[in-house]
Amino acid sequence: MVSLTDSPSFACAGERSPSLTVPPRERASVSWQLTAPAAGHLALPAVRLLAPRHNCALTTQSPHVYVAPF
């Protein structure tokens, strides 16, 4: 399972936690559309990858991005 954590800096369109199965030696991609309600340096939401079958979890750090005003 892949999930996007909550972030007060961005609104997310679509499903936050799509469930997908990836066979061995294959690839899959997931994308989210994020909207920033304000300009400035904002923290991106973290992405979490869970593999319960293998008892593994991975969570990314939340990097900051600069959102330019319109």
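The residues of the chain expose on average 81 square angstrom of accessible surface per residue, using a 1.4 Å probe on protein heavy atoms. Distances between every pair of Cα atoms in the chain, grouped in 5 Å steps from 0 to the bin holding the largest one, split as 3, 14, 23, 23, 15, 11, 6, 4, 1, 0 percent. Length available on full extension from A51 to A36: 0.36 nm per residue minus the Cα-Cα distance, which gives 2.4 nm.
Per atom type, the range 2-70 shows carbon and sulfur on 55% of its accessible surface, probed at 1.4 Å. Normalised by the number of residues in the range 1-53, the average gap of Cα pairs under 8 Å and 6 or more apart makes the relative contact order 54 percent.
The values are calculated or read from the model by the stated rules, or taken from the named source; none is laboratory data. The model shown is predicted, which means the values in this text are computed figures rather than measured ones. These accessible areas exclude ligands, DNA and RNA; they are computed on the full protein's heavy atoms, side chains included. Shrake-Rupley method; radii C 1.70, N 1.55, O 1.52, S 1.80 Å.
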